[in-house]
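Participant: Below is one structure. I have some questions about it.
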Amino acid sequence: MTGLPVYRWRMAPRGLATRRQLRAQGLRPNGQDIQGRIIWRRGERFADLYSVEKAAPKREATPAQLVAIRAALDARMKCPSCEEVKDYFIQKSLGECSSCHEGAVEANYDSPEVNYDFEQEWEIGA
């Protein structure tokens, strides 16, 4: 990283672009070295710059890759508990669809209460 030019926000010369800017133009860095860096927020944030001339067109996904992506997305929408395919992604933190999760939570509340005599345990009011 030593010796690379550093530019302030909106001060990079023409012909250099960030990865996001390349992607918006349908390009990719193509393995080239970083040509510079743009910084903002007093140097706390930065983005690497690449040459637009050395960039190559983005690669298209193959039909097999598209099928695999579709299968992975479909799997994220299938609840492992009820095995229904939902119209949303199942949250990893819940591990099941919202209706199955709510049913499990309600089942826990319906369980018989434990008779615990707090006052006797701590000898309150004695």
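Participant: Given the residues 103, 95, which is the only one that is farther than 22 Å from residue 28 by Cβ, over 25 Å from the mean Cα position of the chain (by Cα), at pLDDT 65 or above and surrounded by 12 or more Cβ atoms within 10 Å (Cβ to Cβ)?
Facilitator: Numbers: 95 fails: over 25 Å from the mean Cα position of the chain (by Cα).
That would be 103, the only listed residue that is farther than 22 Å from residue 28 by Cβ, over 25 Å from the mean Cα position of the chain (by Cα), at pLDDT 65 or above and surrounded by 12 or more Cβ atoms within 10 Å (Cβ to Cβ).
Participant: Can you tell me how many residues in the stretch 53-104 are of a type in the set (Ser, Thr, Tyr) and either closer than 30 Å to residue 17 by Cα or in the same structural domain as residue 24 (by TED's automatic domain parsing) (or both)? Show your work before the answer.
Facilitator: Within the stretch 53-104, the first condition is being of a type in the set (Ser, Thr, Tyr), and the residues that meet it are 62, 81, 88, 93, 98-99.
Right, trim to either closer than 30 Å to residue 17 by Cα or in the same structural domain as residue 24 (by TED's automatic domain parsing) (or both) and you get 62.
The number of residues fulfilling the criteria is 1.
Participant: Follow-up. Please go through the stretch 82-105 and give me each residue that is aliphatic (A, V, I, L, M) and either in contact (Cβ under 8 Å) with a residue 24 or more places away in the chain or part of a helix (DSSP H, G or I) (or both), ordered by number.
Facilitator: As a first pass, look at the stretch 82-105 and keep what is aliphatic (A, V, I, L, M): 85, 90, 94, 104-105.
Correct list: 104, 105.
The values are calculated or read from the model by the stated rules, or taken from the named source; none is laboratory data. Predicted, not measured: the structure shown is a model, and the values here were computed from it. Don't worry about glycine lacking a Cβ; one is built from the backbone with ideal geometry, like all the others, and counts go over all protein chains shown.
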